[in-house]
Amino acid sequence: DSFEASERLTKWILDSDTGKGISVLTGAGISTASGIPDYRGPNGSYSRGHKPMTHDEFMRSLENRKRYWSRSMVGWERFNQAKPNRAHFALASLENETKRVRSIITQNVDMLHQRAGSKNVVNLHGVNSVVKCMECGVKHKRSHFQAKLNEMNKGCFESVESDDADSLRADGDAEISFDS
């Protein structure tokens, strides 16, 4: 299980002669114990056919942006409620207390490393907690933008079904369907 794996990794790092410390690369697998699914695992959304929207696709049309934000709006609450797990805390401890971990490079957008206390984190794909206006460049906290989305779309998503744990994706997107 993930606890045993994090214990083995911690022991290996502490027993290693790492000199200046090591950099750790993490992906979606580290956050699965926090309830955030992975992409490429046997049950990951990528393995089931989901391909994340690219920046070019997002910018190409208003319809694509509406699709993106409707799915992201529905998935955000569950995604945002995820808490760091033992592996996140173990890495934060190895960084802050033992100084064995020099940096964490992550593919995840969930900020769980930072929420566990890690300070030197490189977010390869950005983070989901900040949104940027593509016209003026102003950045907003996602939680504030989410409140605006909820206000602007009152009643629009009452018939959306997304309670299924399988609907959430590693990037906070959700598979949604509308009742007819």
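Counting only protein heavy atoms and a probe of 1.4 Å, the accessible surface of region 11-59 is 54% carbon and sulfur.
The simple spin-label model puts a point 7 Å past each Cα toward its Cβ; for Glu57 and Glu4 those points are separated by 3.8 nm.
Prolate is the label for region 1-77, because a/c, from the alpha-carbon gyration tensor with a ≥ b ≥ c as root eigenvalues, is 1.5 or above and a/b exceeds b/c.
Protection proxy ranking of 134-145, 106-117, by the mean of other Cβ atoms within 10 Å over each peptide's residues and highest first, is 106-117, 134-145.
Could you work out how far helix 86-96 tilts from the main Cα principal axis of the chain, as a 0 to 90 degree angle to the nearest 10? Helix 86-96 sits roughly 60 degrees off the main axis of the chain. Here the Karplus curve 6.51 cos²θ - 1.76 cosθ + 1.60, taken at θ = phi - 60°, turns the phi angles of region 142-155 into couplings of 4, 4, 5, 5, 4, 4, 5, 4, 4, 5, 5, 10, 3, x Hz, with x standing for Gly and Pro. Going by accessible surface with a 1.4 Å probe and the largest first, Cys133, Cys156 read Cys156, Cys133.
For a straight C-alpha distance cut-off of 21 angstrom, the lysines reachable from Lys154 (same-chain residues fewer than eight places away being disregarded) are Lys66, Lys141.
Rolling a 1.4 Å probe over the protein heavy atoms gives region 70-128 an accessible area of 47 Å² per residue. Here the relative contact order of the chain, from alpha carbon pairs under 8 Å that lie six or more residues apart, stands at 26 percent.
Only residues of region 12-54 count here: report those whose backbone N is under 15 Å from the spot 7 Å along Cα→Cβ of Arg67, or say none. The answer is 49-54, whose backbone nitrogens lie closer than 15 Å to the label point. For log10 I(q)/I(0) by the Debye sum over Cα atoms at q = 0.11, 0.12, 0.17 Å⁻¹, the value computed from the atomic coordinates appears in the list (1) -0.54, -0.63, -1.12; (2) -0.71, -0.79, -1.21; (3) -0.66, -0.74, -1.03 under label (1).
The values are calculated or read from the model by the stated rules, or taken from the named source; none is laboratory data. Nothing here was measured: the structure is a model prediction, and the numbers come from that model. Note that each Cβ is placed from the backbone with ideal geometry, even for glycine, and that neighbours are counted across all protein chains shown. Please note that ligands, DNA and RNA were not included when accessible areas were found on the heavy atoms of the full protein model with its side chains. Shrake-Rupley method; radii C 1.70, N 1.55, O 1.52, S 1.80 Å.
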